[in-house]
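*Asks:* Can you read through this structure? Questions will come right after.
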Amino acid sequence: MLPISYAIRNLLRDPGRLLQKVGGAGIVVFLVFAAGAFNQGMHRILSASGSPQNVILLGAGSEESVERSEVPIQAETLAAAGIQDITTRLGVSAVSGEVHYMAEVIFPTGHKAQALLRGVTPTAFEVHRSVRILKGKYPKPGEVLVGKLAHHNLGVSAEMLSPGQTIKFEGQSFTVAGIFTAPGTVMESELWFDRNDLMTLTQREQLSCVVVRLESPESYASADLFSKQRLDLELSAIRESDYYAKLSAFYAPIRTMTWLTAALIAAGAIFGGLNMQYAAFASRIRELATLQAIGYSRPAIYLSLVEESLLATLLGTLLAVAMVLIFLEGQTLNFSMGVFRLTLSGEIALAGLLTGLLLGIIGSITPAIRCLGTSLPSALRS
Amino acid sequence: MTVFNPPTSSDPHGKEVFIRCRNVSKSYRKGKTIVTPLEALDLDVGRGEFLALMGPSGSGKTTLLNLIAGIDSPTTGELWVDKQNLASLKRGQLTAWRAKHCGYIFQLYHLVPILTAFENVELPLLLDRSLSRKERHSKVAAALDLVGLANRADHRPTELSGGQEQRVAIARAIVTNPGLLVADEPTGDLDRKSATQVLDLLREFSSEYRKTIVMVTHDAVAANAAQRTLHLEKGQLVEQVQITTSEPTEV
């Protein structure tokens with residue numbers, strides 16, 4: 001076995017080439033981190049947004065989009081009475097009739113942005129248990145409760161959506177009453193209004209959906225039976241977790257594209273790296289032959305060359321980790337459903353590390369085999 | 001095919017035979033033609049003998065040297081070095097054999113440029129797991145001392161003259177205390193003064209340490225340093241010159 005110091009010193013033999021290799025590997029691994037963080041962030045927010053204990057009663061035929069759904073307003077009270085195993089707290093049944101609406105809001109600065117609005121009653125907090133008011137209070141008519149990350153989605157500063165600020169919707173001014181959090185869910189980028197306000201302004205007489213919180217996910221059958229028995233209401237019951245899983249599937253092509261892009265760039269980097277590595281090894285054919293003449297076996301020299309390449313790509317991986325921590329970690333990204341954070345999870349770190357290892361191994365084995373394939377007498381004379 | 005025994009007899013000059021080639025040929029394909037640089041060669045070299053191989057380019061000198069050093073394998077014939085028939089060894093076994101029994105000195109030194117003189121000399125010793133770090137360092141220091149470069153241990157090859165580089169290469173070749181030293185034009189790239197130093201060292205290893213040395217050279221003056229000179233032409237031995245004096249020849 002050649003000492004590891006031999007591989008380390010070989011790395012420093014050509015600083016320009018080392019820089020190229022480390023930089024190339026760093027960029028590829030960074031892309032893998034970015035693709036992983038993007039996919040995982042989007043998947044997580046959609047997964048976390050739906051609870052298996054919650055059932056959404058939507059208008060039949062509108063199962064794909066709650067915004068297009070219409071549910072008779074009396075469905076809320078009928079569901080509370082007709083569905084078994086509904087969670088209750090302090091005598092209040094966890095049944096929340098809601099209006100979901102995508103519309104433009106206008107800020108005092110004149111800035112306009114599309115926002116996801118939700119008209120709720122106080123029972124919404126019984127159904128969406130992760131929601132907590134961070135600042136301020138529950139909104140009265142003429143007020144609005146804003147999600148912690150809504151400002152990202154709307155492209156304004158956090159101050160512009162802090163309590164006391166105003167926004168305009170359908171010509172009417174609303175004061176921000178408070179800020180809520182619902183960690184890791186799409187709700188954090190929504191604006192919650194008093195339901196009556198929203199219904200009046202949008203001239204709706206029907207709800208978008210009724211969300212029911214059950215004692216356990218197994219009680220879904222009761223909600224499903226209710227929707228099938230009450231044909232007059234034209235309802236369809238769907239688990240909240242299934243609803244968001246379907247949405248997640250809707251975004252699957254985008255996620256596949258990001259992985260595909262990262263994979264194609266990685267493949268390009270491997271082919272480019274193969275050439276660069278071959279040039280690096282080829283310039284040392286005689287030295288490698290000398291090592292064989294001294295008594296080092298070919299496998300020992302292969303191993304040293306792979307070590308050398310791995311050291312460079314692992315340095316690149318470290319560089320990528322540093323770039324992720326500086327430029328990516330904690331950044332928020334908008335998509336039509338809301339806002340999600342990019343984070344470097346254990347799985348993504350492992351994927352990046354594996355990419356670095358693969359770049360190092362695949363990028364060096366073929367050039368090493370080619371360079372050590374020359375017959376020893378010829379290599380000694382090269 | 002004739003099967004020969006290990007060289008236990010004495011050669012015609014009364015020395016114990018250390019290298020014995022019998023009917024050794026080497027052929028290889030070059031494009032569409034088969035080239036035979038060595039053909040049915042017989043040769044005995046005594047233990048502790050210093051042998052020079054001369055001949056025009058393409059006469060098979062380096063091919064023979066590579067066969068004796070276990071760098072290459074003969075196509076036919078038997079090649080014994082001490083008690084080992086190298087023709088019967090596979091590539092991996094030849095590599096292991098070289099590590100223990102043969103030191104190779106190249107015309108262009110072939111030092112690893114990123115390592116110091118000390119580290120270059122230490123390279124062959126790293127293959128011997130039984131040696132402690134202290135033992136290795138002691139052997140390297142002794143080898144460098146023997147070639148007169150103890151004070152250059154920390155220098156890299158680029159900081160040494162050609163003659164010094166070749167002496168480091170010699171230290172690397174002898175550090176494992178092999179019975180056989182092979183040298184491919186070891187003075188070919190040196191000035192006369194450095195060449196003399198190198199040849200003096202080789203003579204010393206042969207006469208004082210009983211190392212068997214086979215040296216390829218184009219230089220008749222260098223060949224004079226050897227005890228015997230063989231001339232090859234078209235893969236055949238054509239002439240041999242015996243130097244009777246054991247004293248170093250004026251170079």
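The values are calculated or read from the model by the stated rules, or taken from the named source; none is laboratory data. Predicted model, so just to flag it, every value in this text is computed and none were measured. Methodologically, a virtual Cβ is constructed for each residue, glycine included, from the backbone with ideal geometry; neighbour enumeration extends over all protein chains shown. Just so you know, the surface numbers come from the protein's heavy atoms only, side chains and all, with ligands and any DNA or RNA stripped out. Shrake-Rupley method; radii C 1.70, N 1.55, O 1.52, S 1.80 Å.
*Asks:* Which of the listed residues, B:150, B:118, B:176, is farthest toward the dipole's positive end in segment B:17-242, when Lys, Arg count +1 and Asp, Glu count -1 at the beta-carbon?
*Replies:* Positive-end residue among those listed: B:176.
*Asks:* For chain A, what is the calculated [θ] at 222 nm in deg cm²/dmol (nearest 500), taking -39500 (n - 2.57) for each run of four or more DSSP H residues and dividing by its residue count?
*Replies:* -16000 deg cm²/dmol
*Asks:* Take the alpha-carbon positions of segment A:193-263, form their convex hull, and give its projected area averaged over all directions (one quarter of the hull surface) in nm².
*Replies:* 8.2 nm²
*Asks:* Per residue of B:62-71, count partner chain C-beta atoms within 10 Å of its C-beta, then hand back the mean as an integer.
*Replies:* 3
*Asks:* Solvent-accessible area of residue A:200, probe 1.4 Å, all protein chains present, reported in Å² to the nearest ten, please.
*Replies:* 100 Å²
*Asks:* Just need the Rg to Rh number for segment A:13-114, please, alpha carbons only, Kirkwood Rh.
*Replies:* 1.28
*Asks:* Let me ask another. Based on the alpha carbon coordinates of chain A, what radius of gyration and maximum Cα-Cα distance (Dmax) apply, in Å?
*Replies:* 29.3, 93
*Asks:* Next up: Remind me, what semi-axes does segment A:289-379 give for its equivalent ellipsoid, largest first in whole Å, using sqrt of 5 times each Cα gyration tensor eigenvalue?
*Replies:* Whole-Å semi-axes of the equivalent ellipsoid: 42, 11, 9.
*Asks:* Please report how far the C-alpha centroid of segment A:352-382 lies from that of segment A:200-232, rounded to the nearest whole angstrom.
*Replies:* With segment A:352-382 and segment A:200-232 each reduced to a Cα centre, they are spaced 64 Å.
*Asks:* For peptide A:291-304, compute the average count of partner chain beta-carbon atoms within 10 Å of each residue's beta-carbon.
*Replies:* 6
*Asks:* On average, how much accessible surface per residue is there in chain B, in Å², for a 1.4 Å probe, leaving out ligands, DNA and RNA?
*Replies:* Heavy-atom SASA per residue in chain B reads 45 Å².
*Asks:* Going by Cα centres, segment B:16-48 and segment A:49-77 are how many Å apart?
*Replies:* About 91 Å separates the Cα centre of segment B:16-48 from the one of segment A:49-77.
*Asks:* Can you give me the three principal axis dimensions of segment A:54-215 from its C-alpha atoms, in Å, biggest first?
*Replies:* Result for segment A:54-215: principal-axis Cα extents of 48, 30, 26 Å.
*Asks:* With +1 assigned to the C-beta of every Lys and Arg and -1 to the C-beta of every Asp and Glu, and no other charges, what is the dipole magnitude of segment B:17-242 about the Cα centre in debye, to the nearest 20?
*Replies:* About 720 debye.
*Asks:* Among the listed pairs A:112/A:135; B:61/B:193; A:140/A:246, which are separated by more than 28 Å between their Cα atoms?
*Replies:* A:140/A:246
*Asks:* Quick one: which residues, 5+ away or cross-chain, put their amide H under 5 Å from the amide H of residue B:215? H built at 1.01 Å from N.
*Replies:* The answer is B:51, B:52, B:53, B:183.
*Asks:* Show which aspartates and glutamates lie in cross-link reach of residue A:168 when reach means a straight Cα distance below 18 angstrom and same-chain residues fewer than eight apart are skipped.
*Replies:* A:104, A:143, A:159, A:190, A:194, A:197
*Asks:* Another question, if that's okay. Against the longest principal axis of chain A, how steep is helix A:285-294, in degrees 0 to 90 to the nearest 10, with axes from Cα atoms?
*Replies:* 70 degrees
*Asks:* Calculate the mean, over all residues of peptide B:168-179, of how many other protein chain Cβ atoms lie within 10 angstrom of the residue's Cβ.
*Replies:* 1
*Asks:* Rounded if a/c is under 1.5, else prolate if a/b beats b/c, else oblate: with a ≥ b ≥ c from the C-alpha gyration tensor eigenvalues square-rooted, which is segment B:93-201?
*Replies:* oblate
*Asks:* Where a ≥ b ≥ c are the square roots of the eigenvalues of the C-alpha gyration tensor, would you call chain B rounded, which needs a/c under 1.5, or, failing that, prolate if a/b is larger than b/c, or oblate?
*Replies:* Note, shape of chain B comes out prolate.
*Asks:* Using a 10 Å cut-off on Cβ atoms, rank the peptides A:1-8, A:46-53 from the highest mean neighbour count down.
*Replies:* Per-residue Cβ counts within 10 Å, averaged per peptide and sorted highest first, yield A:46-53, A:1-8.
*Asks:* Tell me: how much accessible area in total is hidden between B and A, 1.4 Å probe, Å², nearest 100?
*Replies:* What B and A bury together is about 2100 Å².
*Asks:* At 222 nm, what helix-only mean residue ellipticity would chain B give, in deg cm²/dmol to the nearest 500, using -39500 (n - 2.57) for each DSSP H run of four or more?
*Replies:* Calculated mean residue ellipticity at 222 nm is -8500 deg cm²/dmol.
*Asks:* Can you work out D for segment A:147-297 in µm² s⁻¹ from Stokes-Einstein, where Rh is the Kirkwood radius over C-alpha pairs, the temperature is 10 °C and the viscosity is 1.306 mPa s?
*Replies:* 71 µm²/s
*Asks:* I want the antiparallel fraction of DSSP beta bridges within the protein assembly as shown, as a percent rounded to 5.
*Replies:* 70 percent
*Asks:* Rounded to the nearest 5, what is the percent of antiparallel bridges among the DSSP beta bridges in segment B:17-242?
*Replies:* 55 percent
*Asks:* I need the phi-derived Karplus couplings for segment A:185-198: 6.51 cos²θ - 1.76 cosθ + 1.60, θ = phi - 60°, integer Hz, Gly and Pro marked x.
*Replies:* 10, 5, 4, 5, 10, 9, 10, 9, 10, 5, 4, 5, 4, 5
*Asks:* Give me the 1.4 Å probe accessible area per residue for chain A, excluding ligands and nucleic acids, in Å².
*Replies:* Each residue of chain A exposes 43 Å² on average to a 1.4 Å probe.
*Asks:* Right, next: Ordered by packing density, taken as the mean number of other Cβ atoms within 10 Å over each peptide's residues, highest first, how do B:38-46, B:170-178 rank?
*Replies:* Result, highest mean first: B:170-178, B:38-46.
*Asks:* Could you let me know the centre-to-centre spacing of segment A:237-293 and segment A:305-345, using Cα atoms, in angstrom?
*Replies:* So the two Cα centres are separated by 14 Å.
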